[in-house]
Amino acid sequence: MDDDEARTRLLDAAEALFYADGIQAVGMDRIRAESGVPLKRLYKVFPAKEALVAGYLERRDRRWMGSLRDAVAAAPDDPVGAVFDWLGAWFSEPGFRGCAFMNAYGEVGAAGPAGVLVAVRRHKAELRALLGEAAGPGREELADQLLILVEGATAVAALTPGPEPARTAGAAAAALTRAAGAAGTGA
């Protein structure tokens, strides 16, 4: 097994276990056992748990944001609606447990490991930027409101999984988008 294969196996195990059970509840021995990567190789690839957590979050960010970007790009006539449709599908996935980034932040706190905090903050900044693109140029306030709706819907769905929180937030987003459009036309 080379380092690339070990990295993939470790990140696969970390993602499944950290997302399902939490970062603090999952030790490196459990990651090693689940991945089948020898301990020496594990610590060669990820010298500390912080590095593994940051790697897991960075990989999840690329996949999650890529999927959301694809959904928005596929709906040029209603990119904001596409965000909430995508969320509804995500909230309905088996094993949905809320936002991995907010879960991680909740576990490590504001004084947590720097690599983890950087990954969390970068993800939220990328999400805000995507919402800004969906809202359209010059609609910074709308983008901020959409971010709050996305985060709120995700928190509610973590407690009651299913598409309804996304539908409710999507209806609010549509009203805000219409109001922003009317304000932008001088109406």
Exercise. How many residues are surrounded by 12 or more Cβ atoms within 10 Å (Cβ to Cβ), assigned to a helix (DSSP H, G or I) and more than 22 Å from the chain's Cα centre (by Cα) when one looks only at the range 40-76?
Worked result: 5
For this session: Could you tell me which residue of the range 1-16 is farthest from PHE96 (Cα to Cα), considering only residues that are assigned to a helix (DSSP H, G or I) and aliphatic (A, V, I, L, M)?
Result: ALA6
Exercise. Does the range 132-147 contain at least one residue that is within 14 Å of the chain's Cα centre (by Cα) and in contact (Cβ under 8 Å) with a residue 24 or more places away in the chain?
Worked result: no
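Restricting to the range 17-30, give me the number of residues that are surrounded by 14 or more Cβ atoms within 10 Å (Cβ to Cβ) and closer than 19 Å to PHE101 by Cβ.
Within the range 17-30, residues that are surrounded by 14 or more Cβ atoms within 10 Å (Cβ to Cβ) and closer than 19 Å to PHE101 by Cβ number 6.
Tell me whether the range 98-105 contains one or more residues that are over 13 Å from MET65 (Cα atoms), part of a helix (DSSP H, G or I) and over 11 Å from the mean Cα position of the chain (by Cα). It would help to see each step written out before you state the result.
We begin by selecting, within the range 98-105, every residue over 13 Å from MET65 (Cα atoms); these are 98, 102-105.
Then keep just the ones that are part of a helix (DSSP H, G or I); that gives 102-105.
Next, only the ones that are over 11 Å from the mean Cα position of the chain (by Cα) stay: 105.
Yes, because at least one residue in the range 98-105 is over 13 Å from MET65 (Cα atoms), part of a helix (DSSP H, G or I) and over 11 Å from the mean Cα position of the chain (by Cα).
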Exercise. Which residue out of GLY66, GLY36, GLY95 is in contact (Cβ under 8 Å) with a residue 24 or more places away in the chain and either touching a Pro at 6+ places or on another chain (Cβ under 6 Å) or in the same structural domain as PRO161 (by TED's automatic domain parsing) (or both)?
Worked result: GLY95
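The values are calculated or read from the model by the stated rules, or taken from the named source; none is laboratory data. This is a predicted model, so every value here is computed, not measured. All Cβ positions, even for glycine, are placed from backbone atoms using ideal geometry, and neighbour counts span all protein chains on display.
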